[in-house]
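Engineer: Below is a structure I'd like to ask you about.
Read-outs throughout are calculated quantities, based only on the coordinates presented, and are distinct from any laboratory measurement. Owing to the predicted nature of the structure, the values given are computational and were not obtained by experimental measurement. Note that we place each Cβ from the backbone using ideal geometry, even for glycine, and neighbour counts take in every protein chain shown.
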Amino acid sequence: MSIATALFTLFASLSSSYRRRLMTGIALGLQLSLAGTAFAQAAPQATPPWREVLPQAQTVGSGTMRWLGLRIYDATLWAPQRPLDDNQPFALQLDYKVGISRDRLANTSIDEIQRMSPAPIPGPTLARWKSELSRAFVDVADGDELVGVYLPRRGMRLYDRNKLLAEIADPELARAFFNIWLGQPSRDDSLRRRLLGETP
């Protein structure tokens, strides 16, 4: 006897009133399930917290950072206008595809800031900047997101998907930090040009 036949036989053996109650319960459960699915699909996505600073932000450009063929993160540059005006606030969103510790994020940032600086940066300044970045960063895993918001003449803010992680009131550090992606000589000039919307 097949499973379908056995179920039909069991259902037929029930009293008519019990069968009605059973069918009513199944129908109600199905309606609630469908309603829940529809609500989940219709519910608006939460507004990212960094958009409180840049409510009119639009995508300027985007690209992917790779190292030895490995996809490290997807990057998106957001600003109220195109082309980018770096005298106005903007945001750089990084969607990570690998896990990286906060210490490595801070160390790599400082190394790149030093490499790109046209003049040597004093040791005490580098130490202070590294301390600020270490305090602001968190360990990231595949699927995590960090968003840095540049605030001209004020500094920068760092967010994850849900909250503000840190605010750094150091305009010079903020310029040097975002210069890693948007300045020259960039580690990945193709990514720089994609972020700025210069290439598709």
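Engineer: Need the full-extension length gain, Leu164 to Asp86, defined as separation in residues times 0.36 nm minus the C-alpha distance. One decimal, nm.
Structural biologist: Once the chain is fully extended between Leu164 and Asp86, it gains 25.9 nm.
Engineer: Further question on the same structure: Round to the nearest 0.05 the FRET efficiency obtained for Glu198 and Trp67 when R0 = 25 Å and r is the Cβ-Cβ distance.
Structural biologist: 0.65
Engineer: Sticking with this one: Among Thr64, Ser101, Gln88, which residue has its Cα positioned farthest towards the positive end of the charge dipole of the range 56-137, with +1 placed on the Cβ of Lys and Arg, -1 on the Cβ of Asp and Glu, and the dipole taken about the Cα centre?
Structural biologist: With unit charges placed on the Cβ atoms, the residue in question is Ser101.
Engineer: Hey, another quick one. Set the Förster radius R0 to 25 Å, insert the Cβ-Cβ distance between Arg51 and Asp139 as r into 1/(1 + (r/R0)^6), and round the FRET efficiency to 0.05.
Structural biologist: E between Arg51 and Asp139, to the nearest 0.05, is 0.55.
Engineer: Here's something else I'd like to know. Shape of the range 42-190 from its Cα gyration tensor (a ≥ b ≥ c, root eigenvalues): rounded if a/c is under 1.5, otherwise prolate when a/b > b/c, or oblate?
Structural biologist: It comes out rounded by the Cα gyration axes.
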